[in-house]
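K.L.:
Let me begin by handing over the structure; questions about it come next.
The values are calculated or read from the model by the stated rules, or taken from the named source; none is laboratory data. What you see is a predicted model, and the numbers here were worked out from it, not measured in a lab. Backbone-built Cβ (ideal geometry, glycine too); neighbour counts: all protein chains shown. Accessible surface areas use protein heavy atoms only, side chains included; no ligands, DNA or RNA. Shrake-Rupley method; radii C 1.70, N 1.55, O 1.52, S 1.80 Å.
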Amino acid sequence: MGTTEFTLPFLARVWERVEPELMAREVELKVVHVRTRDFRQRLDSNQVDLLCGGLAAPVGDGPLAPEYDFLEWHREGLALLTNLSVRELPARQVGVERLRNLPLVIPSRGVIADFVERWYGTDFRTHLQVVAEIDDIYYGLALLRSEMTRGCMLCARSIGEAAVAGRLPGGEGFRLVEFAYDFDPMLQLVSGVFARKGERDTYDASHPLNVLWEAFREEAASGRPIPL
């Protein structure tokens, strides 16, 4: 089972549903940390059988990841987590043009970079003021917290809320700034469970792969929030 760090709580709830049955059958669940930028390669090369992750997708009900079996769990937008004062950044919302002029902390690869590439092109670094590129959310938080960087970090809204509330390593003066609705296309971070296309159909319902998939479906349908 491949999972990103922030989808682990979802997997933990699913495992609660199936652990007695699978343990009685001596089925071992092996959990592998997979960064979002690598999950397609891990899944396609059979390194994992299921994967919890997310992708940038247009707002709406269009098809998602048609090359995989996909079970949706959660949708949310992005926000800017900033240590800039209200005087430095008074706007409550930032649009596509205003974002060009802000000092930005952006992941070098991965789903957040996918958002930026969709909005500004693969050469987005020439259109934006990228003051730091990061490989890890915690490093970005540390940059803002230490004020080695004064600026805004693009992140999932739930992550920004957790940092402001202190559930992640935030900082005094951290606040969230919303994205305006003039980005084209408007995108959401859609999280869920991925499997190789059609593979589950080759097994019966009692196969561990299908047992886990059905548990994911039940947990997603429960609507229970998973706090960071």
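K.L.:
Looking at (1) modelled with pLDDT of 90 or more; (2) open to solvent by less than 10 Å² (accessible area, probe 1.4 Å); (3) within 15 Å of the chain's Cα centre (by Cα), find the lone condition where V14 falls short.
P.N.:
Just one mismatch for V14, condition (3).
K.L.:
Of the residues in segment 152-185, how many are open to solvent by 50 Å² or more (accessible area, probe 1.4 Å) and closer than 18 Å to F115 by Cα?
P.N.:
Number of matching residues: 5.
K.L.:
Still on this structure: How many residues are open to solvent by 50 Å² or more (accessible area, probe 1.4 Å) and free of Cβ contacts under 8 Å to residues at least 60 places away in the same chain when one looks only at segment 206-228?
P.N.:
Matching residues across segment 206-228 total 7.
K.L.:
Step by step: first the residues of segment 17-33, then only those that are crowded, with 16+ Cβ neighbours inside 10 Å and not charged (D, E, K, R), then the one that is nearest to A156 (Cα to Cα). Which residue is that?
P.N.:
Initial filter on segment 17-33 (crowded, with 16+ Cβ neighbours inside 10 Å): 17-18, 22.
In the following step, the residues that additionally are not charged (D, E, K, R) were identified as 18, 22.
On the way: V18: 29, L22: 33 Å.
Among them, the one singled out is V18.
One line per residue, one yes/no per condition, for (1) within 14 Å of G192 (Cβ to Cβ); (2) more than 15 Å from the chain's Cα centre (by Cα):
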{"position": "T7", "(1), (2)": "yes, no"}
{"position": "V31", "(1), (2)": "no, yes"}
{"position": "R35", "(1), (2)": "no, no"}
{"position": "Q41", "(1), (2)": "no, yes"}
{"position": "P63", "(1), (2)": "yes, yes"}
{"position": "D69", "(1), (2)": "yes, yes"}
{"position": "L80", "(1), (2)": "no, no"}
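K.L.:
Can we say T3 is in contact (Cβ under 8 Å) with a residue 24 or more places away in the chain, over 19 Å from A113 (Cβ atoms), surrounded by 15 or more Cβ atoms within 10 Å (Cβ to Cβ) and of a type in the set (S, T, N, Q)? Show your work before the answer.
P.N.:
Working: in contact (Cβ under 8 Å) with a residue 24 or more places away in the chain: yes; over 19 Å from A113 (Cβ atoms): yes; surrounded by 15 or more Cβ atoms within 10 Å (Cβ to Cβ): yes; of a type in the set (S, T, N, Q): yes.
It is true that T3 is in contact (Cβ under 8 Å) with a residue 24 or more places away in the chain, over 19 Å from A113 (Cβ atoms), surrounded by 15 or more Cβ atoms within 10 Å (Cβ to Cβ) and of a type in the set (S, T, N, Q).
K.L.:
For segment 186-204, state whether one or more residues are assigned to a helix (DSSP H, G or I), farther than 25 Å from L11 by Cα and open to solvent by 20 Å² or more (accessible area, probe 1.4 Å).
P.N.:
Within segment 186-204 (the criterion being assigned to a helix (DSSP H, G or I), farther than 25 Å from L11 by Cα and open to solvent by 20 Å² or more (accessible area, probe 1.4 Å)), the answer is no, since none of the residues qualifies.
K.L.:
Going through segment 176-198 one residue at a time, which ones are under 19 Å from G77 (Cβ atoms), over 14 Å from the mean Cα position of the chain (by Cα) and not aromatic (F, W, Y)? Steps first, please.
P.N.:
The first filter runs over segment 176-198 and keeps only residues under 19 Å from G77 (Cβ atoms), leaving 176-192.
Of the ones still in play, those that are also over 14 Å from the mean Cα position of the chain (by Cα) are 176-186.
The answer is L176, V177, E178, A180, D182, D184, P185, M186.
K.L.:
For segment 154-175, which residues satisfy the criterion of being within 10 Å of L78 (Cα to Cα) and of a type outside the set (S, T, Y)?
P.N.:
If the condition is that a residue be within 10 Å of L78 (Cα to Cα) and of a type outside the set (S, T, Y), then L154, C155, A156, R157, I159, G160 are the ones that fit.
K.L.:
On to the next question. Does at least one position in segment 94-101 carry a residue that is small (G, A, S) and touching a residue at least 40 places away in the same chain (Cβ under 8 Å)? Can you show your working first?
P.N.:
Looking only at segment 94-101, we keep the residues that are small (G, A, S), and these are 95.
Among the residues that remain, those that are also touching a residue at least 40 places away in the same chain (Cβ under 8 Å) are: 95.
Yes: segment 94-101 contains one or more residues that are small (G, A, S) and touching a residue at least 40 places away in the same chain (Cβ under 8 Å).
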